[in-house]
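J.: The structure that follows is given in the form of structure tokens.
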Amino acid sequence: MSDTKERKTVILTGASRGIGHATVQRFSDEGWRIITCSREGIPDHCRADPNWTHHIPTDLSDKGDVEAFVKKANEILGDEPVHALVNNAAVSPKAAFKERLGCLNGDLDRWREVFELNFFTPLTLCRGFARALGRGSRQGNGAAIVNITSIAGHAIHPFAGSAYSTSKAALSALTRELCVEFAQLGVRVNAVAPGEIETEMIGEEYEPLIARIPMQRMGKAQEVAACVFQLSNSDFSYVTGTEIFVTGGQHLY
């Protein structure tokens, strides 16, 4: 896999499956260079992708691992810019029988773990790549951060636990705060809030939720990826501080 200075660069977390993997594929289709991390390795068929230049195995719930990822990625970049940072990795713990973990039955140490990955890691990565993103913005077309939040951060969800939901609500608020500060660097900060998306995490118990979706179907990971990509390119150069719901209208209820 070769590097080129001409093409744009995106850094993305949680790249091995689901929305993250679909987003990698979309950026690759558009010719971007891609640097990623996740706990798992990338699928074998992706190793030949000339645009997916670096994958760094990382436990993003571990502060030391996060710092190591930032250091390694910045070493890879050198003086080159980053044009987009996508904070996608997240965790949503369930009880043994997929019971919703609420405020009363959720272990507090587990809550802290959820917030570490879903909230503090995105903050750490935004700070860690701020200089490289600033270099990207000075190229003329700007640079962007996209945080993956959730419909569950805005309303009670029958399956998403309280720790996950409140961490995503906090990430929505963080997006607004980052928007103001990163504007000084020429970097836009937005969020994408998916609803029910067909991924490996979706089971039969989600089927009844389709009746609550105006479009009467679940979304596809590629549809979320398309929204993330559009927020990252120059067509959306005056859009910042925004959260886009990719829910088929479900967030209206």
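The values are calculated or read from the model by the stated rules, or taken from the named source; none is laboratory data. It should be emphasised that the depicted structure is a prediction, and the values quoted were computed from it without experimental measurement. We place every Cβ from the backbone using ideal geometry, glycine too, and count neighbours over all the protein chains shown.
J.: Can you tell me how many residues within segment 74-90 are within 17 Å of the chain's Cα centre (by Cα) and either among the small types (Gly, Ala, Ser) or surrounded by fewer than 15 Cβ atoms within 10 Å (Cβ to Cβ) (or both)?
T.: 3
J.: Oh, and also: If you go through segment 174-226, how many residues are in a helix (DSSP H, G or I) and either in contact with a helix residue (DSSP H, G or I) (Cβ under 6 Å, 6 or more places away or on another chain) or surrounded by 14 or more Cβ atoms within 10 Å (Cβ to Cβ) (or both)?
T.: 18
J.: Continuing with the same structure: Between residues in segment 121-147 that are of a type in the set (Phe, Trp, Tyr) and residues that are modelled with pLDDT under 95, which pairs lie under 8 Å by C-beta distance while being six or more apart or on different chains?
T.: Every condition considered, no pair remains.
J.: Still on this model: Restricting to segment 227-253, and then to whatever is touching an Asp or Glu at 6+ places or on another chain (Cβ under 9 Å) and either part of a helix (DSSP H, G or I) or of a type in the set (Phe, Trp, Tyr) (or both), can you tell me which residue is modelled with the highest pLDDT?
T.: Phe229
J.: Consider segment 62-95. How many of its residues are over 19 Å from Leu133 (Cα atoms) and either part of a loop (DSSP other than H, G, I, E, B) or among the acidic types (Asp, Glu) (or both)?
T.: Count: 9.
J.: If you don't mind, another one. Any idea how many residues of segment 98-114 are part of a helix (DSSP H, G or I) and either basic (Lys, Arg) or buried (at least 18 other Cβ atoms within 10 Å of the Cβ) (or both)?
T.: Looking only at that region, the number is 4.
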